[in-house]
Every structure is written in C-alpha cells, then in structure tokens.
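What follows is a set of notes on a single structure, which appears directly below.
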Amino acid sequence: MKEFNFELIFKLVDNQDSNEYLDILFENGCDDATISTGQLGMLSLSFTREAISAAEAVESAINDVKKAIPSAKLVEATPDIVNISEIS
C-alpha cells in the first residue's frame, strides 16, 4: 500500500460549529487526519491515508467523514490526485 496526502473541505449545514464533531470524526476513521475548524460552518481535513490507489484513499476518507457527519457537503478536494468521476 502507498501513502497519499490530500485535503478535503466540507461545508456544514446551517453553519454548525465544527468543533463539536472532532471526537466523532476520530471515532469514525478520521484518526489519520489533521482537522482545521477555523471558519464557522466549514471543516478542513488534511489526510495521510494508506491505500492501494489515490481514488480509494480519497473515497474512503469521504465515506468516513459522511459516516460521522451525514449532512456535510464536500466542497473541495486537493491536490487534484483523482478526478470527480473516480470519486463517484
């Protein structure tokens, strides 16, 4: 397996305070991410994730975030290591 570094940025519904989600994100598989909660209603996760491919790494990270916060909307994924059709 390879290690992939990428960042996912999510918008939270109704500008929720992202700090309330830190524990649940950790418990749902995001323990390999550094989480930034600076802007109200936004959540940024910088991942270092092991996977067979970049698409698998990004997809699993998105799924982990969505398990923890089902209403979160993905806004951005950087760097552009996979395209949108690979994430779908």
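The values are calculated or read from the model by the stated rules, or taken from the named source; none is laboratory data. All figures in this text were calculated on a predicted structure; none of them were measured in a lab. Cβ atoms come from the backbone with ideal geometry, glycine included; neighbour counts cover every protein chain shown. Note: areas computed on protein heavy atoms with side chains; ligands, DNA, RNA excluded. Shrake-Rupley method; radii C 1.70, N 1.55, O 1.52, S 1.80 Å.
Starting from residues that are hydroxyl-bearing (S, T, Y) and farther than 17 Å from P70 by Cα, keep the ones in segment 1-41 and report whichever is most open to solvent (accessible area, probe 1.4 Å).
Checking each candidate, the answer is T34.
List, please: which pairs have Cβ atoms under 9 Å, are six or more places apart or on different chains, and start with a residue in segment 34-59 that is at pLDDT below 90 and end with one that is part of a loop (DSSP other than H, G, I, E, B) and polar (S, T, N, Q)?
From residues that are at pLDDT below 90, the pairs are L40/Q16; G41/Q16.
When the residues of segment 42-59 are narrowed to those that are part of a helix (DSSP H, G or I) and open to solvent by 40 Å² or more (accessible area, probe 1.4 Å), which ends up nearest to I9 (Cα to Cα)?
So the first thing to find is which residues in segment 42-59 are part of a helix (DSSP H, G or I), and the list is 54-59.
Then drop every residue that is not open to solvent by 40 Å² or more (accessible area, probe 1.4 Å), which leaves 56, 59.
Working: E56: 17, E59: 14 Å.
Residue satisfying both the conditions and the ranking: E59.
So, L8, is that one touching a helix residue (DSSP H, G or I) at 6+ places or on another chain (Cβ under 8 Å) and touching a residue at least 12 places away in the same chain (Cβ under 8 Å) or not?
Numbers: touching a helix residue (DSSP H, G or I) at 6+ places or on another chain (Cβ under 8 Å): yes; touching a residue at least 12 places away in the same chain (Cβ under 8 Å): yes.
Yes.
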